[in-house]
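A quick write-up on the structure given underneath.
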Amino acid sequence: MISVVIVNWNRRELLRAAFESLAAQHGVDFEVIVVDNGSSDGSVEMIDSFATRFPLRLIRNRENRGFCAANNQGIAVARGKFVALLNNDAEADPDWLSVLLRAGEERSEIGMVASKILVHEDPRRIDKVGHLIYPDGQNRGRGSGEVDRGQYDQTTDCLWPDGCAALYRKAMLDEIGGFDEDFFAYADDAELGLRGRIAGWDCVYAPGARVRHHRGTTLGLASVRRLVLIERNRVLLAAKLFPWRLLLLNPFYYLLRLSAGVAAGVRGEGETKRYPGLSGKLRMGWALLRGDCAALWMLPRILSKRKEIARFRKRSDAEVLELLRRYRISLKEISSQAV
């Protein structure tokens, strides 16, 4: 059985569409666990209306505890051998769960399965098919923005799945723990995925597990708060999990990526195009500075967590470096893409 965990906060109609897609799933037994982060838009009442269509459990929080803590609540009560995460702004094809399950059961060392996530507004375009990473800790969706011409229609190993629509083996989560709640939101799936890889688990990409995703509905694609969290968590990810020899080079790679990003902005490409004009660029720069300052404030606690990794480490620093090299995104690609 699969336990599907959905975190919700004031997205009633999007959540309804996600539920409808789950109600159409076939070929697999599953339960749905919804963790509501204090919604005030009638989401809870709508959730109750689906209780007769599939096994459903609702956990209600009084406040917004964030993506990480809420998912951990759902994972803690999950009864399935596998845990699937589905964003409340995503809709799955009817065989999504069955395809994920087949891929996850191929080998006992597979701890994670990535979905083929398409842009809801234009399903010809890819949102993410697994993840890539730059050496400063910034991660990007593989294939993001590309027209889907079948170039990612082969089952392959990948670095880790996107938390929007992913499958995790419960045994892996029991071993390494769930999401790091210090991250709150953004790059949390990258941290969990890399932690799983360090623990010796593998990840595969299942192209037949298709999901359509409304992008940027959590905080908005041009949100300053979003940029702050992305930048802060980039630093926290590297500080917690990167081998020391790569971590010491982090400022160099960061400045290199920033320089390439500025050049891309001049050409009207990359993340900076979402922040037009001088005021927009200043807001973006201020967000990055705030993110870095927030990361520095949290650094002692995050560095102390490096000791916990030794408890389940299976891959050496050299093997982790090879993983990051194999799934490295190029400087040109990461600077011209928007997050």
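None of the figures in this text is laboratory data; all of them are computed from the coordinates on show. Computed from a predicted model, the values in this text were never measured in an experiment. Here Cβ is always computed from backbone atoms with ideal geometry, including for glycine, and neighbour counts include all displayed protein chains.
In this structure the amide hydrogen of I110, modeled in the peptide plane, comes within under 5 Å of the amide hydrogens of D202, none closer than 5 places in sequence on its chain. Annotation: peptides 166-178, 81-93, ranked by per-residue average of other Cβ atoms within 10 Å with the highest first, follow the order 81-93, 166-178. Counting Lys and Arg as +1 and Asp and Glu as -1 over every other residue whose Cβ lies under 14 Å from the Cβ of C293, the net charge comes to +1. Between H131 and R142, L159, W160, the built amide H atoms are under 5 Å apart, and every one of these is 5 or more places off in sequence or on another chain. Sorting 321-334, 26-39 by average packing, meaning the other beta carbons within 10 Å per residue, from highest down gives 26-39, 321-334. Stretching W286 away from V77 to a fully extended chain increases their span by 71.2 nm, per 0.36 nm per residue minus the current alpha-carbon distance. With a cut-off of 8 Å between alpha carbons and a minimum separation of six or more residues, what is the relative contact order of the range 2-213 in percent? It comes to 26 percent, rounded to a whole number.
Would you mind checking the pairs K81/K307; K170/K314; K281/K305; K240/K314; K81/K240 and listing those with alpha carbons more than 23 angstrom apart? Please list the in-between numbers first.
Values: K81/K307 28 Å; K170/K314 18 Å; K281/K305 34 Å; K240/K314 16 Å; K81/K240 28 Å.
Listed pairs above 23 Å: K81/K307; K281/K305; K81/K240.
In the chain, the longest principal axis of the Cα atoms and the axis of helix 12-23 are about 60 degrees apart.
Return the calculated 222 nm mean residue ellipticity for the chain, to the nearest 500 deg cm²/dmol, obtained by summing -39500 (n - 2.57) across DSSP H runs with n ≥ 4 and dividing by the residue count. So the helix-based figure for the chain works out to -13000 deg cm²/dmol. Largest mean-square fluctuation among W201, W96, W297, in a Gaussian network model of the chain whose springs join Cα atoms under 10 Å apart, belongs to W297.
Reported to the nearest whole Å, the Cα centre-to-centre distance from the range 1-62 to the range 275-319 is 32.
Residue ranges 189-196, 46-53 sort as 189-196, 46-53 when ordered by packing (mean number of other C-beta atoms within 10 Å per residue, highest first).
Phi angles across the range 71-79 convert, under the Karplus curve 6.51 cos²θ - 1.76 cosθ + 1.60 with θ = phi - 60°, into 3J(HN,Hα) values of 4, 4, 4, x, 4, 4, 9, 5, 9 Hz, Gly and Pro given as x.
For I2, the residues whose amide H sits under 5 Å from its own are D29, F30, E31, ignoring neighbours fewer than 5 places away on the same chain, with H placed 1.01 Å from N. According to the square roots a ≥ b ≥ c of the eigenvalues of the Cα gyration tensor, what is the shape class of the range 1-98, taking rounded for a/c under 1.5, prolate for a/b larger than b/c otherwise, and oblate for the remainder? It is oblate, given that a/c is not under 1.5 and a/b is not larger than b/c.
Along the range 260-266 the Karplus relation, 6.51 cos²θ - 1.76 cosθ + 1.60 evaluated at θ = phi - 60°, assigns HN-Hα couplings of 5, x, 4, 5, 5, x, 4 Hz to successive residues, with x for each Gly and Pro. Computed from phi, the 3J(HN,Hα) profile of the range 195-205 under the Karplus parametrisation 6.51, -1.76, 1.60 (θ = phi - 60°) reads 4, x, 5, 4, 6, x, 7, 9, 9, 10, 9 Hz, with x in place of Gly and Pro.
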